[in-house]
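No value in this document is a laboratory result; all are computed from the given coordinates. Since this is a predicted model, take the numbers as computed values, not measurements. Cβ: placed from backbone, ideal geometry, glycine included. Neighbour counts: every protein chain shown.
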Ligand code: SF4
Ligand code: SF4
């Protein structure tokens, strides 16, 4: 794609990078077919190519973002299906991330939007505050229809009805292997995940210690992924630096073999820290953290999963976008489940987003709901006993629209590898998961 940035504009590193990305796009349009928002809305401006044109125009002219550009960029899920499809390797993620930052800096959103976005950023990056908001939602949920804003109504409707008894907010703790120590790893617990469903982290620790890992939970707070996707550069940098410093402390202290992430949305951001902190005093530390970061399934695959049962359970595997498109992890989770003895089925169009996408389901409820319906229809068509996925956001989104239990992939791997006196079956699984 031809671009017309001035020399002065190109002396600004983010514009220089945007220019490089824009120039790789050959406007072939292959990405349209796999873009969920284009499929739902049918408008070229809600496709990757349309958004690329809007971003190019906004940045070239150097004008503040306008309403039309903001509308179509806001509708992008950042699912990155377009990156998996693009034959020219257009790095859409870096381009849209910068466009969101530019919008935050130059566009004044209506007051209600600003308040809502601020509330989400503050609440969802703080485990304790998020836990309190879940408690409030539990009581407010029956009154959701009285809420004045459709997005607030959606937030309440998505909040889990029965909140599991939260483990204390584990920070700075170490869990020791059941047997001989083979590895020392750090586990990032995810702010939202630990508040909504602490059993995922419990299962992760159980599985890792069974496989010979000493598991350290660092003192860090949030990885910054959520404000990053909302274009809040300063909030993201502040939070990410907190995570980086706390992980570097562990790496330079007793040492680490891996930094494990079991929330794939966070994983995509952490693996990109090296790029995000380019030309920053902490660049080297950010790169070290990014290089050591792995999804839990990548790590289990690396060290081997020596457990196999034949439980006759059909698992519908939903591939989270952040895992399949953001990190390119497509087959490992399915292969692990199969090697554990589960029958694995996948929905039609498994590359398409379920509509969760961080805060998207709360900020764009109509498009999100349509995508959820499509995802659940295709999942239910495969008649699974249980649905497994690798991201808490997808779990909340999908379980809000189906009666089939939805669990994290690592919960199934932990369950199958936990020694019991009776054989594993669908009945014992339902009893153990209380579903
Ligand atoms: S597939 Fe890639 S090169 Fe083709 S229009 Fe989309 S982003 Fe551009
Ligand atoms: S990230 Fe997803 S929603 Fe956004 S343009 Fe690409 S495919 Fe479409």
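Some observations on this one:
- Angle in degrees between helix 127-140 and the longest Cα principal axis of the chain, rounded to the nearest 10: 90
- Panel order for 124, 1, by other beta carbons found within 10 Å of each beta carbon, from fewest to most: 1, 124.
- Under 16 Å from a label point set 7 Å out along the Cα-to-Cβ vector of residue 383, the amide N atoms of the stretch 394-419 belong to 404.
- Helix 283-292 and the longest principal axis of the C-alpha atoms of the chain enclose an angle of approximately 40°.
- Simple spin-label estimate for residue 145 and residue 234 in nanometres, 7 Å along Cα-Cβ: 4.3
- Cα-Cα P(r), the stretch 173-300, percent of pairs per 5 Å interval: 2, 12, 22, 25, 20, 12, 5, 2, 0
- Expressed to the nearest 5 percent, the antiparallel share of DSSP beta bridges inside the chain is 15 percent.
- For 299, 183, 342, 433, the sequence from fewest to most other C-beta atoms within 10 Å is 433, 183, 299, 342.
- R0 of 35 Å, Cβ-Cβ distance residue 284-residue 20: FRET efficiency to nearest 0.05: 0.90
- Gyration tensor verdict on the stretch 13-107 (Cα atoms; rounded if a/c is under 1.5, prolate if a/b is larger than b/c, oblate otherwise): oblate
- Over the Cα atoms of the stretch 215-264, the radius of gyration divided by the Kirkwood radius equals 1.02; this is the Rg/Rh ratio.
- Packing-based exposure ordering (other Cβ within 10 Å, fewest first) of 189, 251: 251, 189
- The angle between the Cα long axis of helix 13-24 and the longest principal axis of the Cα atoms of the chain comes to about 90 degrees, rounded to the nearest 10.
- Per residue, the chain reaches -15000 deg cm²/dmol at 222 nm when only DSSP H runs of four or more residues are counted, each adding -39500 (n - 2.57).
- Cα gyration tensor category, rounded, prolate or oblate, for the stretch 261-405 with a/c compared to 1.5: oblate
- Each label was represented as a point 7 Å from its Cα along the Cα-to-Cβ direction; for residue 346 and residue 174 these points are 4.0 nm apart.
- Difference of contour (0.36 nm per residue) and Cα-Cα distance, residue 418 to residue 182: 83.1 nm
- Förster-model FRET efficiency, 45 Å R0, residue 68 and residue 132, C-beta, rounded to 0.05: 0.75
- The relative contact order of the chain, computed from alpha carbon pairs under 8 Å that lie at least 6 residues apart in sequence, is 14 percent.
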